[in-house]
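Structure first, commentary second.
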Amino acid sequence: MKRRSLAGPLLLILIGTWFLVSTLRPDLPLLDLAARFWPFVLIGWGALRLLEILVWAVRGQPLPRAGLAGGEWTLVVFLCLIGSGLYWANFDRPWGRLMIGANRVEIFGRSFDYTIPEKKVAVGKATRVLVENLHGTVRVTGADTQEVTAGGRKSIRALQDSDAGEADRQTPVEAAVNGDMVVVRTNQDRLTGQQRVSTDVEVTVPRGFSVEVRGRNNDSIEVSAVNGSVEIAADEASVRLDNIGGNVRLADVRKSELIRAANVKGTVEIQGGRGRDIELDTIGGEVTVDGSYSGDLELKNLAKPLRISGDNAELRVERTPGEIHMDLGKFSGTNLVGPIRLTSNRARDVEIEKFSQSLELSLDHGDITLRPMETPLAKINAHTHNGQVEITLPEKAAFDLRAATSHGEVSNDYGDALRTVSEEHRHGGGSIQGSIGQGPVIVVETDRGSLTVRKDSGAPLAAHNEKSSEDHIRPEIEKH
Amino acid sequence: MRVNSGDLIRAARGPLLLIVLGLLFVAEYWGQLPFYRTWPALLIVYGLLLLLEHLAPDSHKPAGGSL
């Protein structure tokens with residue numbers, strides 16, 4: 001007699017039950033549950049089959065050649081693909097959560113708007129404000145006042161008017177003094193139904209206040225014109241800060257489209273996040289950026305040291321009177337004060353113009369274009385594994401140059417003043433070495449790419465490059 | 001009929017691999033250990049089971065002595 005496994009029928013019952021419950025109770029988050037718990041079906045299935053085999057073995061019945069038939073493995077593969085897809089869509093990608101996690105309210109509901117009655121609290125001895133708002137926007141503004149004022153509007157997505165009204169009653173915006181802190185809460189966590197509440201809260205505080213904002217999925221969080229410190233924590237939020245007197249700490253903003261801070265007198269610390277763009281302009285204290293940002297980083301006028309630690313790049317700059325632009329493929333800096341240290345282990349072209357103090361540059365892949373402009377020169381050590389190197393030195397600068405390429409052409413504007421050696425093998429390669437006056441050691445090297453040493457004519461970098469490519473000067477070459 | 005241990009291990013191979021596969025996904029979702037790092041465990045378990053099967057006494061050979 002052919003023995004049949006219990007796993008097949010049980011699996012069918014499980015799937016049937018899941019569909020039945022999902023049609024009878026559409027409000028239950030069954031897709032979430034399936035996405036999270038499907039691997040336990042594999043474990044249960046395996047355990048059941050194992051148990052059956054052990055029982056047959058104990059009873060002395062003949063065992064199947066394979067514990068799992070070919071058809072069952074096919075089903076396992078399908079289950080893994082569907083389960084992983086569900087998990088990926090539900091928990092890894094926000095658009096997936098929107099699409100698959102959408103319930104009836106999101107699909108069929110309407111949006112109802114409510115105005116939040118303005119709350120006023122006399123601050124007394126309080127010196128800071130805490131704003132808690134899970135969904136929606138937060139705007140905190142400093143003003144010449146001795147009160148904290150909270151108002152704004154609420155948008156509630158619900159199937160009908162009465163549901164929205166109930167949700168509005170459950171989520172009142174409250175403001176109260178608690179010790180040295182004024183707490184403004186939007187109470188979205190009290191919501192019991194399926195309605196979606198998004199609160200846009202506007203808070204006015206005395207100018208000397210410190211501000212703390214706790215959110216979850218916020219469209220934007222804005223703080224401006226306060227003299228105290230600012231601290232923001234949210235799973236996802238775009239942050240805009242302007243005119244802040246104290247330190248700024250964004251240690252817990254896990255995901256952001258944009259972080260913008262301008263006119264901050266204290267330090268700026270952005271840590272542990274994933275996001276796109278960062279814009280920092282006129283920052284008085286140290287700037288620390290630690291995380292993975294895939295968009296544009298625009299940094300201007302930083303009075304104190306800058307430190308960026310990413311997945312693929314590390315940067316230290318002592319001061320940034322000028323500006324830095326950085327994206328996944330390029331780094332450009334103008335008017336920087338060193339010591340400057342940049343290492344990048346992904347393809348990235350680096351262009352630095354007008355810098356003083358020492359420069360240390362190490363690239364895995366990418367062109368290097370350097371133009372210090374300032375004299376006296378400081379020590380430079382720049383290396384790329386794969387990319388062109390071009391250094392333009394001030395006409396009257398003193399230096400001790402050690403430039404080399406393993407594979408590529410060499411070009412030297414200084415003529416006989418520097419010794420140019422060109423290898424004769426078919427990949428090219430060579431070096432430009434020598435001292436002009438008593439100056440610092442300048443090392444520029446590439447393993448694969450052309451090497452160019454130019455004399456600075458004072459023209460802007462881009463124009464200089466165009467001119468030089470048209471009017472390419474081949475130096476006298478000392479054959480090796 | 002007496003079942004030999006080689007047959008038992010061979011029959012249990014599929015279910016055991018299925019359990020390990022499920023555990024690896026659980027480790028990814030609940031233990032932050034991504035599947036792309038842990039998948040070699042499947043090969044190791046499969047290899048161990050093959051080894052055990054190979055080492056198990058073979059009941060198809062006549063037991064003891066020779067004709």
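The values are calculated or read from the model by the stated rules, or taken from the named source; none is laboratory data. Since this is a predicted model, take the numbers as computed values, not measurements. Using ideal geometry, Cβ is built from the backbone for each residue, glycine included, and neighbour counts are taken over all protein chains shown.
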* **Matching residues in region A:305-344 - criterion: being within 20 Å of A:Pro372 (Cα to Cα) and in a loop (DSSP other than H, G, I, E, B)** => A:Pro305
* Asked: Which is β-branched (Val, Ile, Thr), more than 21 Å from A:Arg260 (Cβ to Cβ) and surrounded by 15 or more Cβ atoms within 10 Å (Cβ to Cβ), of A:Val337, A:Val317?
  -> A:Val337
* **First in region A:31-60 and more than 8 Å from every other protein chain (Cβ to nearest Cβ), second anywhere and aromatic (Phe, Trp, Tyr) and surrounded by fewer than 17 Cβ atoms within 10 Å (Cβ to Cβ), Cβ under 9 Å, 6 or more apart** => A:Asp32/A:Phe91; A:Leu33/A:Trp18; A:Ala34/A:Trp18; A:Ala35/A:Trp88; A:Ala35/A:Phe91
* Structure fact -> If we keep only residues of region A:274-323 that are acidic (Asp, Glu) and farther than 21 Å from A:Ala347 by Cβ, then the residue modelled with the lowest pLDDT is A:Asp290
* Here is a list of conditions, (1) more than 7 Å from chain A (Cβ to nearest Cβ); (2) surrounded by 18 or more Cβ atoms within 10 Å (Cβ to Cβ); (3) out of contact with any Phe, Trp or Tyr (no Cβ under 9 Å at 6 or more places or on another chain), and B:Leu17 meets all of them except one; can you say which number that is? -> (3)
* Structure fact -> Flagged in region A:53-69 as within 19 Å of B:Ile19 (Cβ to Cβ) and part of a helix (DSSP H, G or I), in numbering order, are A:Ile53, A:Leu54, A:Val55, A:Trp56, A:Ala57
* **Listing of strands (runs of 3 or more DSSP E) fully contained in region A:156-265 that carry 1 or more residues being in contact with an Asp or Glu (Cβ under 7 Å, 6 or more places away or on another chain) and within 21 Å of A:Thr282 (Cβ to Cβ)** => A:210-226, A:230-244, A:248-264
* Can you pull out the residues in region B:1-14 that are within 8 Å of chain A (Cβ to nearest Cβ) and either among the aliphatic types (A, V, I, L, M) or surrounded by fewer than 20 Cβ atoms within 10 Å (Cβ to Cβ) (or both)? -> B:Met1, B:Arg2, B:Val3, B:Leu8, B:Ala11, B:Ala12
* Just checking, which of A:Gly165, A:Gly152 is assigned by TED's automatic domain parsing to the domain that holds A:Thr115, surrounded by fewer than 20 Cβ atoms within 10 Å (Cβ to Cβ) and not β-branched (Val, Ile, Thr)? -> A:Gly165
* Structure fact -> If you go through A:Leu10, A:Leu14, A:Leu50, the only one that is at pLDDT 90 or above and either under 23 Å from B:Leu23 (Cα atoms) or surrounded by fewer than 17 Cβ atoms within 10 Å (Cβ to Cβ) (or both) is A:Leu50
* Could you identify the single residue in A:Ile308, A:Ile368 that is over 26 Å from A:Asn247 (Cα atoms) and buried (at least 16 other Cβ atoms within 10 Å of the Cβ)? => A:Ile368
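Each row is one residue, and each column tells you yes or no for (1) touching a strand residue (DSSP E or B) at 6+ places or on another chain (Cβ under 6 Å); (2) on the phi < 0 side of the Ramachandran plot; (3) modelled with pLDDT of 90 or more.
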| position | (1), (2), (3) |
| --- | --- |
| A:Ser220 | yes, yes, yes |
| A:Asn227 | no, yes, yes |
| A:Val230 | yes, yes, yes |
| A:Glu236 | yes, yes, no |
| A:Arg249 | yes, yes, yes |
| A:Lys255 | yes, yes, no |
| A:Thr267 | no, yes, yes |
* Asked: Name the strands (runs of 3 or more DSSP E) wholly within region A:350-452 that hold at least 1 residues that are within 21 Å of A:Met326 (Cα to Cα) and modelled with pLDDT of 90 or more?
  -> A:359-365, A:368-373, A:380-384, A:389-393
